[in-house]
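Some notes on the structure that comes next.
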């Protein structure tokens with residue numbers, strides 16, 4: 001059975017292509033960008049291109065997308081054309097080709113403003129049934145694409161799993177305040193407490209979703225590292241996150257001090273992966289405990305796959321104000 005991976009030049013697309021090729025599985029990568037992991041160059045919105053390369057395909061893993069950093073450089077119509085229309089073309093052609101399962105890579109950014117609780121409120125406990133409140137065109141189009149996936153699945157036409165992935169990119173934070181206050185490794189290690197996941201675990205979730213989609217029919221799951229927090233910690237981590245982390249991980253203070261690292265003073269949301277683990281049989285390997293153990297051993301806390309894929313960036317140009325362009329309303 002052949003697997004089609006869209007967005008094969010991106011972080012996740014390349015990671016999937018590397019993994020599937022290493023496993024000796026039949027896989028085809030498509031992207032608008034030519035790389036060693038792109039077998040065919042073309043757009044997901046090009047119906048004839050997609051139809052041609054879906055011949056003999058049993059599974060589609062759709063990672064191609066415009067991302068949040070593109071909001072400042074691409075029009076709303078660009079986002080609609082790629083994130084919504086491209087997904088619709090894939091769904092329609094997948095049905096016509098008799099594809100047995102479809103996996104759509106979405107994002108926890110789709111929750112939007114629901115991720116930011118009011119001042120003095122507990123941190124948000126983010127599970128699948130939290131109602132999204134989109135706050136930019138990226139969120140709007142990812143939510144619309146999710147809804148298309150659900151429509152096709154609910155009509156019994158195509159078993160589909162939507163995976164809302166948290167951060168796995170290696171690039172520095174898109175928030176200039178975070179970039180200026182914390183080294184990249186420092187910030188990303190702390191994010192494993194509540195909003196980050198290793199790309200190796202993301203790949204595993206996608207492959208399990210492809211296997212389980214026919215028996216599930218439709219599912220939407222959060223893909224993030226397992227948080228050490230529970231609901232009783234939500235007020236405390238909003239007020240004084242370091243005290244909670246030091247209580248749960250007494251060795252953290254020394255390991256961080258040795259590197260001149262610090263913890264975030266406050267955490268405003270926690271992504272909860274329980275439902276995805278239950279439904280998919282997914283067992284993420286990388287978490288904050290593993291990170292501390294790696295620091296103690298003097299090892300890199302990321303997976304070898306994350307290192308192999310490396311940093312790609314989101315634009316082909318360098319901006320005057322840093323690695324990310326300033327967001328301007330379109």
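Annotations for the structure displayed:
- Total residues in the range 109-123 satisfying the condition of being within 30 Å of residue 54 (Cα to Cα) and surrounded by fewer than 20 Cβ atoms within 10 Å (Cβ to Cβ): the figure is 0.
- Matching residues, the range 66-92, being in contact with a strand residue (DSSP E or B) (Cβ under 9 Å, 6 or more places away or on another chain) and modelled with pLDDT of 95 or more: 86, 87, 90, 91
- Among the conditions (1) in contact with a strand residue (DSSP E or B) (Cβ under 8 Å, 6 or more places away or on another chain); (2) surrounded by fewer than 18 Cβ atoms within 10 Å (Cβ to Cβ); (3) under 30 Å from residue 301 (Cα atoms), residue 197 misses just one, which is (2).
- Selection from the range 144-201 of residues that are more than 22 Å from residue 10 (Cα to Cα) and assigned to a loop (DSSP other than H, G, I, E, B): 155, 156, 157, 158, 159, 182, 183, 193, 194
- Verdict on residue 214 being assigned to a helix (DSSP H, G or I), under 23 Å from the mean Cα position of the chain (by Cα), surrounded by fewer than 22 Cβ atoms within 10 Å (Cβ to Cβ) and touching a residue at least 24 places away in the same chain (Cβ under 8 Å): yes
- Among residues of the range 124-138 being crowded, with 18+ Cβ neighbours inside 10 Å and not in a loop (DSSP other than H, G, I, E, B), the one that is nearest to the chain's Cα centre (by Cα) is 138.
- Hits in the range 232-252 (condition: touching a helix residue (DSSP H, G or I) at 6+ places or on another chain (Cβ under 8 Å) and either under 27 Å from residue 111 (Cα atoms) or at pLDDT below 95 (or both)): 233, 236, 237, 244, 245
- Only a single criterion out of (1) over 23 Å from residue 208 (Cβ atoms); (2) surrounded by fewer than 17 Cβ atoms within 10 Å (Cβ to Cβ); (3) in contact with a helix residue (DSSP H, G or I) (Cβ under 7 Å, 6 or more places away or on another chain); (4) at pLDDT 95 or above is not satisfied by residue 268, namely (2).
- One residue stands out in the range 91-108 among those that are out of contact with any helix residue (DSSP H, G or I) (no Cβ under 6 Å at 6 or more places or on another chain) and part of a helix (DSSP H, G or I): the one that is surrounded by the fewest Cβ atoms within 10 Å (Cβ to Cβ), namely 96.
- The range 246-264, residues that are assigned to a loop (DSSP other than H, G, I, E, B) and surrounded by 12 or more Cβ atoms within 10 Å (Cβ to Cβ): 249, 251, 261, 262, 263, 264
- Search result, residues across the range 222-236 that are out of contact with any strand residue (DSSP E or B) (no Cβ under 7 Å at 6 or more places or on another chain) and closer than 13 Å to residue 271 by Cβ: 226, 228
The values are calculated or read from the model by the stated rules, or taken from the named source; none is laboratory data. If you're wondering where the values come from, they're calculated on a predicted model, not measured in any experiment. We place every Cβ from the backbone using ideal geometry, glycine too, and count neighbours over all the protein chains shown.
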